[in-house]
1. Tally Lys/Arg at +1 and Asp/Glu at -1 over every other residue whose Cβ is under 14 Å from the Cβ of K107; what's the total?
2. Is the C-alpha gyration tensor of the chain telling us rounded, prolate or oblate? Criteria: a/c under 1.5 is rounded; beyond that, a/b larger than b/c is prolate, otherwise oblate.
3. Taking amide H positions as placed in the peptide plane 1.01 Å from N, state which residues far from F40 in sequence (5 or more) or on other chains have amide H under 5 Å from it.
4. What's the extension gain from L17 to L56 if we count 0.36 nm per residue and subtract their Cα-Cα distance?
5. Hey, rough spin-label estimate for I112 and E144, points 7 angstrom out along Cα→Cβ, what's it come to in nanometres?
6. Taking amide H atoms as placed 1.01 Å from N in the peptide plane, list the residues 5 or more away in sequence, or in a different chain, whose amide H sits under 5 Å from that of L115.
7. With +1 on each Lys and Arg Cβ and -1 on each Asp and Glu Cβ, how big is the dipole of the stretch 65-174 about its Cα centre, in debye rounded to the nearest 20?
8. Sorted by packing (mean other beta-carbon atoms within 10 Å per residue), highest first, where do 60-72, 105-117 land?
Amino acid sequence: MGRSAFPSAVIENVQPLLDGGRYPIKRIVGEDLVVEADIFKDGHDVVAAVLKWRVLSKPAWRETPMIFVDNDRWRGVCTLYDEDIHEYTVEAWTDTFRSWQQEFIKKFEGGISDLQSEALEGAAIVGAAAGRAPDREDRQRLLEFSEQISTSANSEIYAIAQSGELEVLMATCPDRSNAAQYDPAPRVVVDRSAALFGAWYEFFPRSAEGCGDRGST
């Protein structure tokens, strides 16, 4: 397998992998796991992605945003604190808000005056996000933004689209209904830090010089 395709995004060339994911990689407790992947989709929509990881015996995933590196390459970093077998994967989706934001800004700056359909689309996207917001105050604020986008002049919508507050609110409740996930999830064996020293020490036994009465380390 090693490739996940949805209408949203394609995820491939995930690293690190050992023999294409056939065997688990190894890390020590407290060490960072840096994961990269090629993530792309058709068209000009904006993609968002997260690195997900969990202890194999636990159902809940933890996640952290991935950042765009170059071309189609993305990177995410997590720290592994549990001495156990973990699995990790990448999830990606179309960022509908960022896609709308870029399109509206581009058209407004290009001098297009008829942006009514774009305004209604933006209001719908923000209004839908209000339904996913976990916090009541955030829901109310998103509904206010949605109303402003649907009723304001283009110049005002242009300013709202670039609002830092709106960007933060939308980032907390993205629409991931079209998400793709890399499958099967690779595994990583996390061992205690002492195991690293132990492996080195055992490689140089005290009898390596062949003298039983004195050590070699």
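1. Values: positive: K106; negative: E103, E109, D114, E118, E121.
Neighbour charge sum, excluding K107 itself: -4.
2. It comes out prolate by the Cα gyration axes.
3. V10
4. Full extension of this stretch gives 12.3 nm more.
5. 3.0
6. For L115, no residues qualify.
7. On the way: 9 positive and 21 negative charges, 64 e Å.
About 300 debye.
8. On the way: 60-72: 13.2, 105-117: 11.1.
Averaged packing, sorted descending, gives the order 60-72, 105-117.
Where a number appears in this text, it was derived from the coordinates with a stated rule and is not lab data. The shown structure was predicted, so the numbers you read here are calculated from the model rather than taken from an experiment. All Cβ positions, even for glycine, are placed from backbone atoms using ideal geometry, and neighbour counts span all protein chains on display.
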